[in-house]
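Encoded as structure tokens, the structure appears first; notes follow it.
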Amino acid sequence: MKIAILATDDIINGKRRVRGEVVTVPDGYANVRRVLRSLTDTENRNRDDFFEIGLRKLKAILMADFPKEWAALQKRPALQEKIIAELREQPKFLKRALGEPQWFIDVVKKRMQEAASAK
């Protein structure tokens, strides 16, 4: 699939579309003036690649902006592995952590406190 600007008027999926309109069409569709984006690459993007890239970005953010918290997390490998597994299972949390690193740090601190009080 691709997002394209139509070169001429056409009927797509039973609906009349006009020249210059931005539409989603199959990859083989030829009546395009310009392709804005190929969705095939996005759909086939490897989820693990996204996760690894996101995890590296999060690590860099934590090391640069929250060095004390990063060092404390490094001392707790079991907790670190659990958090990584949760981020892998729920990519929305990784996206949020990248956008709101302070939220992520608050969650990690809370978990560390809960684990310390459980001992």
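Go through the residues of region 92-100 one by one and say whether even a single one is over 21 Å from the mean Cα position of the chain (by Cα) and either in a helix (DSSP H, G or I) or basic (Lys, Arg) (or both). So far as region 92-100 goes, no, none of its residues is over 21 Å from the mean Cα position of the chain (by Cα) and either in a helix (DSSP H, G or I) or basic (Lys, Arg) (or both).
Filter region 38-64 for residues that are among the basic types (Lys, Arg) and either modelled with pLDDT of 90 or more or farther than 26 Å from Gly99 by Cβ (or both) and give the result. Even if it seems obvious, please write down each step before you answer.
Here is the first cut: in region 38-64, the residues among the basic types (Lys, Arg) are 45, 47, 56-57, 59.
Arg56, Lys57, Lys59, listed by residue number.
If you scan region 17-37, which residues turn out to be modelled with pLDDT of 90 or more and charged (D, E, K, R)? If the condition is that a residue be modelled with pLDDT of 90 or more and charged (D, E, K, R), then Arg17, Arg19 are the ones that fit. Of all the residues in region 1-23, those that are outside any loop (DSSP other than H, G, I, E, B) and either loosely packed, with under 14 Cβ neighbours inside 10 Å or on the phi > 0 side of the Ramachandran plot (or both) number 4.
So which residues in region 65-75 are outside any helix (DSSP H, G or I) and either acidic (Asp, Glu) or under 17 Å from Ala97 (Cβ atoms) (or both), if there are any at all? Residue satisfying the conditions is Phe66 alone.
Going by the conditions given, is Leu58 surrounded by 13 or more Cβ atoms within 10 Å (Cβ to Cβ), within 14 Å of the chain's Cα centre (by Cα) and outside any loop (DSSP other than H, G, I, E, B)? Full working, then the answer.
Working: surrounded by 13 or more Cβ atoms within 10 Å (Cβ to Cβ): yes; within 14 Å of the chain's Cα centre (by Cα): yes; outside any loop (DSSP other than H, G, I, E, B): yes.
Taking the combined requirement at face value, the residue satisfies it.
The values are calculated or read from the model by the stated rules, or taken from the named source; none is laboratory data. Keep in mind that what you see is a predicted model, and the values were worked out from it rather than measured. In this analysis, Cβ positions are derived from the backbone assuming ideal geometry, glycine residues included, and neighbour counts consider all displayed protein chains.
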